[in-house]
Amino acid sequence: MMAVDLPVCSNAVFELVLVFGVRGPHQGNPQQLHGPSNQRNMRTMSLRYFTDTGIEVPAVTTEQMIEVDRVAIEDTGPNLLQMMENAGRNLAEQAIVCLGETWPGANIVVLAGNGGNGGGGICGARHLANRGAQVRLCLVSPDRLGAAGVWQRHILQATPAREVDIDSLTGSNEPVDIILDALIGYRLQKAPRGKALRLIQWANGAGAAILALDIPSGVNATTGETPGEYMRARWTLTLALPKTGLLPDHTGDLILADIGIPAGAYAWATLKLPYTPPFGDRFLVPLLPRSQ
Ligand SMILES: NC(=O)c1ccc[n+]([C@@H]2O[C@H](COP(=O)([O-])OP(=O)(O)OC[C@H]3O[C@@H](n4cnc5c(N)ncnc54)[C@H](OP(=O)(O)O)[C@@H]3O)[C@@H](O)[C@H]2O)c1
């Protein structure tokens, strides 16, 4: 087992380059990194993921993660809203860590899609607004939010967070200290399109660090491929288990968040994942990828 010392929000890119010899996302000007990445390298790179205490955490494909979610929701629990609450609460906690000294009164923009990823982002927006941050939430399609997202939005409306539409966000000169990316999670199949694409382009040019939820929007969670534009994340907070497509080129520092799934779900007959509880006394742990 490898034991490494990686503060959750330190710049671990240098260490990753040493381990893999691959280019990290924050070397040089991030604006120079636009455009689809080397797809052949993405497909052939196979990684294992270890916590900072040396515990290996199995990486799963989108298909496997959908089955983990199904087992949790239909068999073992927790249910979807419970997992989403844990995801959003951990996202808020991680955002505060990432902001560091700039946290008090920070200007935070949360970008949320219509699905489960977006729901976690809206939940995180609430926890941050409850703590005095200046939160703006931009939804891709408020009228097409899924049921859990509608509920998260309803709760958020009782906080001081402001909902802004895409035109007022992208036309605004208000400062932004951090952007939380909850546009598209593990369901991405094709290049981002429509308002999600516009928001990715805006975020990449906004000059603020990006914290992605589960996987940077625009990155395929299984293969790591980027069929089009994608979020240039400084950090990625992935939920429950790393996804096989979380390659260091695109994730920034990788952190694993506990969303409350019990070990029995991973051991379920349809999964049989080799899972050792990785969190110890924490809810967020740094993850380091290693080549096989
Ligand atoms: N146990 C867990 O870890 C867990 C459990 C539950 C949920 N979650 C979270 O929820 C996510 C899964 O939720 P989900 O199944 O609802 O899927 P999702 O990954 O949130 O994606 C669905 C949304 O993404 C949009 N989208 C997909 N491809 C797109 C593209 N190419 N361009 C623009 N938009 C695109 C869809 O837009 P359209 O509506 O236009 O199709 C839809 O709004 C996970 O990644 C995770 O963040 C995690």
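In segment 264-292, the residues that are in contact (Cβ under 8 Å) with a residue 40 or more places away in the chain reach residues that are basic (Lys, Arg) and surrounded by 15 or more Cβ atoms within 10 Å (Cβ to Cβ) with C-beta atoms within less than 9 angstrom, at least six apart or across chains, in these pairs: Phe283/Arg89; Pro289/Arg48; Arg290/Arg48; Ser291/Arg48; Gln292/Arg48.
Among the residues of segment 72-96, those identified as within 10 Å of the ligand (Cβ to nearest atom), of a type in the set (A, V, I, L, M) and either surrounded by fewer than 23 Cβ atoms within 10 Å (Cβ to Cβ) or more than 15 Å from the chain's Cα centre (by Cα) (or both) are Ala72, Ile73, Leu80, Leu81. Scanning segment 195-216 for residues that are at negative phi and near the ligand (Cβ under 7 Å from one of its atoms) yields a total of 4. Return yes or no: is Leu99 touching an Asp or Glu at 6+ places or on another chain (Cβ under 7 Å) and within 16 Å of the ligand (Cβ to nearest atom)? So Leu99 fails the test. Counting only residues that are part of a strand (DSSP E or B) and within 21 Å of Gly149 (Cα to Cα), segment 195-215 holds 3 of them. Taking first residues from segment 97-108 that are polar (S, T, N, Q) and partners that are crowded, with 16+ Cβ neighbours inside 10 Å, the Cβ contacts under 7 Å between residues at least 6 apart in sequence or on separate chains come to Thr102/Asp177; Asn107/Gln134; Asn107/Val176; Asn107/Asp177. Note on segment 261-292: among residues that are small (Gly, Ala, Ser) and assigned to a loop (DSSP other than H, G, I, E, B), the one that is surrounded by the fewest Cβ atoms within 10 Å (Cβ to Cβ) is Ala269. Would segment 189-211 turn up any residue that is crowded, with 24+ Cβ neighbours inside 10 Å, within 18 Å of Met65 (Cβ to Cβ) and modelled with pLDDT of 95 or more? No - not one qualifying residue is present in segment 189-211.
If you filter segment 55-71 down to residues that are touching a helix residue (DSSP H, G or I) at 6+ places or on another chain (Cβ under 8 Å) and assigned to a helix (DSSP H, G or I), you find that the one that is nearest to the ligand (Cβ to nearest atom) is Asp69. Exactly one residue out of Gly120, Gly149 is within 19 Å of Trp235 (Cβ to Cβ) and not in a loop (DSSP other than H, G, I, E, B): that is Gly120. Scanning segment 217-260 for residues that are more than 23 Å from Arg193 (Cβ to Cβ) and within 10 Å of the ligand (Cβ to nearest atom) turns up Leu237, Thr238, Leu239, Ala240, Leu241, Ala257, Ile259, Gly260.
Can Ala158 be described as assigned to a loop (DSSP other than H, G, I, E, B), of a type in the set (A, V, I, L, M, F, W, C) and farther than 18 Å from Leu199 by Cβ? So Ala158 passes the test.
Take Arg40 and decide whether it is at pLDDT 95 or above and out of contact with any Pro (no Cβ under 9 Å at 6 or more places or on another chain). Steps first, answer last, please.
Numbers: at pLDDT 95 or above: no; out of contact with any Pro (no Cβ under 9 Å at 6 or more places or on another chain): yes.
Spelling it out, it is not the case that Arg40 is at pLDDT 95 or above and out of contact with any Pro (no Cβ under 9 Å at 6 or more places or on another chain).
Of the residues making up segment 224-246, those that are under 15 Å from Gly185 (Cα atoms) and in contact with a strand residue (DSSP E or B) (Cβ under 7 Å, 6 or more places away or on another chain) number 13.
A quick yes/no check of all residues on (1) away from the ligand (no atom under 16 Å from the Cβ); (2) without any contact (Cβ under 8 Å) to a residue 60 or more places away in the chain; (3) surrounded by 15 or more Cβ atoms within 10 Å (Cβ to Cβ); (4) more than 17 Å from Leu91 (Cβ to Cβ):
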{"position": "Asn114", "(1), (2), (3), (4)": "no, yes, yes, yes"}
{"position": "Gly121", "(1), (2), (3), (4)": "no, no, yes, no"}
{"position": "Ala125", "(1), (2), (3), (4)": "no, yes, yes, no"}
{"position": "Val135", "(1), (2), (3), (4)": "yes, yes, yes, no"}
{"position": "Val140", "(1), (2), (3), (4)": "no, yes, yes, yes"}
{"position": "Leu145", "(1), (2), (3), (4)": "no, yes, yes, yes"}
{"position": "Gly149", "(1), (2), (3), (4)": "no, yes, yes, no"}
{"position": "Pro160", "(1), (2), (3), (4)": "yes, yes, no, yes"}
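Within segment 169-194, the set of residues being more than 8 Å from the ligand (Cβ to nearest atom), in contact (Cβ under 8 Å) with a residue 40 or more places away in the chain and not in a loop (DSSP other than H, G, I, E, B) comprises Leu169, Ile178, Ile179, Leu180, Asp181.
The values are calculated or read from the model by the stated rules, or taken from the named source; none is laboratory data. None of these values were measured; they are calculated from a predicted model. Heads up, the Cβs are rebuilt from the backbone with ideal geometry, glycines too, and the neighbour counts pull from every protein chain shown.
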